[in-house]
1. Any chance you could count how many residues in the range 3-17 are in contact (Cβ under 8 Å) with a residue 12 or more places away in the chain and under 14 Å from residue 27 (Cβ atoms)?
2. Starting from the range 25-52, take each residue that is free of Cβ contacts under 8 Å to residues at least 24 places away in the same chain and list its partners that are assigned to a helix (DSSP H, G or I), counting only C-beta distances under 6 angstrom and pairs at least six apart or across chains.
């Protein structure tokens, strides 16, 4: 929000009213936050990736053992 606070005086210099400049800054701040991942999102992704890696390692080991038994 500190960076967006710098936008407010610029909007005022361009001739926007206080209320309109403030609304503009709030809208930009809200839209900026919508696409961001939270720490919980990243932690959840990490847990899911670890699960997939473990499953794929087990599958790869099983395939390797099966191929070794064939030859």
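1. Summing the residues that are in contact (Cβ under 8 Å) with a residue 12 or more places away in the chain and under 14 Å from residue 27 (Cβ atoms) in the range 3-17 gives 4.
2. Filtered contacts from the range 25-52: 25/4; 25/7; 25/8.
Computed from the coordinates by the stated procedures, all read-outs in this text should not be read as laboratory data. What you are looking at is a predicted structure, and each value in this text was computed from that prediction instead of being measured. Here Cβ is always computed from backbone atoms with ideal geometry, including for glycine, and neighbour counts include all displayed protein chains.
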